[in-house]
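Engineer: Before anything else, here's the structure in question.
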Amino acid sequence: MEDLKIYLDKDCPRITEETHLKELLDGLLDYTQIEEGLAVFKRLCRYCFSFYPQMTAEYIYIYRDLYDPDYAKDYDDEESDEVE
């Protein structure tokens, strides 16, 4: 994880291609279960948001759907309200 932090510090300001940023976010999703991985994921999301807000939002929703039980619960409650 330390190598990734160094990579982001050094090279991230030069990375603006959407596909490359998607690959980084995809890979980081696997590490968001650990505090350090989540911190790096959030940091990269903040960076990406200025270039690709829609893509960044999609990755945040993916993270929440996969790993944030409070978000999933709130989302399920909203869906059940819409069905009624």
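Engineer: Looking at region 50-84 only, could you name the residues that are surrounded by 15 or more Cβ atoms within 10 Å (Cβ to Cβ) and modelled with pLDDT of 90 or more? Write out each step before concluding.
Structural biologist: Applying the first criterion (surrounded by 15 or more Cβ atoms within 10 Å (Cβ to Cβ)) to region 50-84 yields 52, 55-56, 59-60, 63-64, 68, 71.
Selection gives TYR52, MET55, THR56, TYR59, ILE60, TYR63, ARG64.
Engineer: Can you tell me how many residues within region 27-56 are out of contact with any helix residue (DSSP H, G or I) (no Cβ under 8 Å at 6 or more places or on another chain) and part of a helix (DSSP H, G or I)?
Structural biologist: The total comes to 9.
Engineer: Find the residue count for region 14-27, including only residues that are farther than 11 Å from TYR52 by Cβ and either of a type in the set (D, E, K, R) or modelled with pLDDT under 80 (or both).
Structural biologist: Looking only at that region, the number is 4.
Yes/no per residue for (1) charged (D, E, K, R); (2) modelled with pLDDT of 90 or more:
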position: LEU4; (1), (2): no, no
position: LEU8; (1), (2): no, no
position: CYS12; (1), (2): no, no
position: LEU29; (1), (2): no, yes
position: GLU35; (1), (2): yes, yes
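The values are calculated or read from the model by the stated rules, or taken from the named source; none is laboratory data. Since this is a predicted model, take the numbers as computed values, not measurements. All Cβ positions, glycine included, derive from the backbone under ideal geometry; neighbour counts span all protein chains shown.
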